[in-house]
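Enquirer: Here it is, the structure, as structure tokens.
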Amino acid sequence: MIGGTRSPKVSVVVPTHDSGPHIEKLVASLLRQSLPAAEFEAVFVDDGSTDGTPARLAELAAAHPHFRVLRIENSGWPSRPRNLGVAHARGEYVLFADDDDWLGDEALERLHDCARTHDADVVVGRMAGHGRSVPRELFRRNRFDATLANSPLIDSLTCHKMFRRAFLDEHGLRFPEGPLRRLEDHRMVVRSYFLSRRTCVLSDYTCYHHARRGDAGNVTATRLDPAEYYASLREALDIVDAHTEPGPLRDRLHRRWLRNEMLNRVRGRRMLDAPEEWLAQVVREIQGVIRERFAPGVAAGLPPLQRVLAHLAEQGRVADLRRLAEWETGVRAAGTVDRHEVAGTALTVTVSARLESAGRPVTFAADGDRDLLVLPVDDLDPVLRDMTAALGRSRLDVVARRRETSEEVLLPVTSDTRWVPGPAGERHLVHHAVATVDGAALDAGTWSLKARVTCAGWTEDTRLPLVLRPAGDGAAPAVEDERALWTRLRRAVRRRIGRR
């Protein structure tokens, strides 16, 4: 009991700095929690705010006994506030949240129940992204004994998870406060994955809403210093190397940083918008990490596009990276609903989709028994562009997205991928999927559908014209075709104008 003798079940640790109105969504979500207020606490650690944040926090603490506030001199980074929050936490479990994010209404109750039921040291709750990416593959299903070897845990390295407080203390798991501040959560979280006796992934409820502030005001949004950033990345790799032997597992874990923190910075619009001198520094740092730290199997396990990007970065070919980025900005997914039908309580949707660039399909050229990705860069080893191994990982997912909250649900599908011949010996891939929506699968609200194509190194979404509204009582969802809806709306507007 807060203020009594019984410790709370959960402590939510929140670093704040000049949060302004952005903190209000988090506060509102804490006040809506299904876990009783007497069973959790929120520990706000203010990192030297100069705006009205301290006064707002003091007001909240005065009104709500389970809200506590610590104030410190500005440290300039979330690590120290988080560490102090853990030191002052009284809960059996600790959940880290950022001041501009928010929680699902049942997040604390569900995460704690999962942790206690499975005696977990770490619980990873499903996330929804608002203007920023979140893991997808990890949350396809619940995982109650997840490890780095048996699941894609490595895809989720932000700290927004629930940790047993005794586990954090036992292993001294804290956020680094030294000069290498970047990727502080990666280093803490990857250590926790290796040390955890049991890690659970709760995928059947959206626990955490991860947002990007429109004013880019959060402290980690400032442009990174390449030398500092990749020195921090090397420390994360050191942790992996200390807990693994050379081989497929280490390669797969290393591949996550190559893909996300390295190659994603030198592709598409992100590269084209970067200052040239800064970009050259980034490429030099990436080049050094690839050459010094990665075994050949790291890049070899990537799909064709990313193998090419890794090769160009390792060779320092900035001009070719820019040429490829200019072409890649035109790559999109295009999809159609072939048909949909209701049978009993289920809706079945049949979808086709493909990758396109500037309205034409992304193509592959035949080379003996191989199909090579066609790219606007010369002098590339055919092995880099070979689609053969990646074909089995290509797929089409159908995603339902709730408009009110932006949460996403991957619908059950059966799918296949087929080659379609084109001119001059080239061909392209068309993906087909049949998705089923059970009447009880979606919560109340309005759900739009997306086709998500994963192929050759891209994962691209395209909106489908169907809108679903759950009917309740186990009935199949009501379906509207947005194209027909807009046609009716345009006709109604024309009639009204005509009458006037």
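Enquirer: Go through the range 437-461 and give me each residue that's open to solvent by 20 Å² or more (accessible area, probe 1.4 Å) and within 24 Å of residue 268 (Cα to Cα).
Expert: 450, 454, 459, 460, 461 - these are the residues of the range 437-461 that are open to solvent by 20 Å² or more (accessible area, probe 1.4 Å) and within 24 Å of residue 268 (Cα to Cα).
Enquirer: Quick check: is even one residue across the range 53-68 among the charged types (D, E, K, R) and under 12 Å from residue 99 (Cα atoms)?
Expert: No, the range 53-68 contains no residue that is among the charged types (D, E, K, R) and under 12 Å from residue 99 (Cα atoms).
Enquirer: Related question: Could you list, in sequence order, all residues of the range 48-88 that are touching a residue at least 60 places away in the same chain (Cβ under 8 Å), touching a His at 6+ places or on another chain (Cβ under 9 Å) and buried (at least 22 other Cβ atoms within 10 Å of the Cβ)?
Expert: 78, 81
Enquirer: Somewhere in the range 151-161, is a residue surrounded by fewer than 20 Cβ atoms within 10 Å (Cβ to Cβ) and more than 16 Å from the chain's Cα centre (by Cα)?
Expert: no
Enquirer: So which residues in the range 94-124 are among the charged types (D, E, K, R) and either in contact (Cβ under 8 Å) with a residue 12 or more places away in the chain or surrounded by 23 or more Cβ atoms within 10 Å (Cβ to Cβ) (or both), if there are any at all?
Expert: Result: 98, 99, 100, 101, 105, 106, 109, 110, 119, 121.
Enquirer: Moving on. Select the strands (runs of 3 or more DSSP E) contained entirely in the range 1-110, then report the ones holding at least 1 residues which are charged (D, E, K, R) and touching an Asp or Glu at 6+ places or on another chain (Cβ under 7 Å).
Expert: 67-72
Enquirer: I've got another one for you. Kindly provide the set of residues from the range 121-145 that are in contact with a Ser or Thr (Cβ under 6 Å, 6 or more places away or on another chain) and part of a loop (DSSP other than H, G, I, E, B), ordered by number.
Expert: Selection gives 121, 135, 141, 142.
Enquirer: Restricting to the range 127-150, give me the number of residues that are of a type in the set (Gly, Ala, Ser), touching a helix residue (DSSP H, G or I) at 6+ places or on another chain (Cβ under 7 Å) and open to solvent by 40 Å² or more (accessible area, probe 1.4 Å).
Expert: Matching residues across the range 127-150 total 1.
Enquirer: Hey, another quick one. Among residues belonging to the range 162-215 that are of a type in the set (A, V, I, L, M) and part of a loop (DSSP other than H, G, I, E, B), point out the one that is surrounded by the most Cβ atoms within 10 Å (Cβ to Cβ).
Expert: 183
Enquirer: Return the residues of the range 344-356 that are in contact (Cβ under 8 Å) with a residue 40 or more places away in the chain and not hydroxyl-bearing (Ser, Thr, Tyr); say none if nothing qualifies.
Expert: 344, 346, 347, 349, 351, 353, 354, 355
Enquirer: Let me ask something additional. When the residues of the range 317-335 are narrowed to those that are β-branched (Val, Ile, Thr) and in contact (Cβ under 8 Å) with a residue 60 or more places away in the chain, which ends up surrounded by the fewest Cβ atoms within 10 Å (Cβ to Cβ)?
Expert: 329
Enquirer: Kindly indicate the residue of the range 351-369 that is touching a Phe, Trp or Tyr at 6+ places or on another chain (Cβ under 9 Å) and either in a strand (DSSP E or B) or open to solvent by 60 Å² or more (accessible area, probe 1.4 Å) (or both) and also modelled with the lowest pLDDT among those meeting that condition.
Expert: 358
Enquirer: Test residue 376 against the criterion of being open to solvent by 20 Å² or more (accessible area, probe 1.4 Å) and either of a type in the set (Lys, Arg) or free of Cβ contacts under 8 Å to residues at least 40 places away in the same chain (or both), and give yes or no.
Expert: no
Enquirer: Sticking with this one: Any idea which of 34, 49, 29 is of a type in the set (Ser, Thr, Tyr) and under 24 Å from the mean Cα position of the chain (by Cα)?
Expert: One residue alone meets the criteria, 29.
Enquirer: With 291, 255, 270 as the choices, which residue is in a helix (DSSP H, G or I), closer than 27 Å to residue 373 by Cβ and open to solvent by less than 60 Å² (accessible area, probe 1.4 Å)?
Expert: Sole residue among the options that is in a helix (DSSP H, G or I), closer than 27 Å to residue 373 by Cβ and open to solvent by less than 60 Å² (accessible area, probe 1.4 Å): 255.
The values are calculated or read from the model by the stated rules, or taken from the named source; none is laboratory data. The shown structure was predicted, so the numbers you read here are calculated from the model rather than taken from an experiment. Note that we place each Cβ from the backbone using ideal geometry, even for glycine, and neighbour counts take in every protein chain shown. For accessibility, only protein heavy atoms count, side chains too; no ligands or nucleic acids. Shrake-Rupley method; radii C 1.70, N 1.55, O 1.52, S 1.80 Å.
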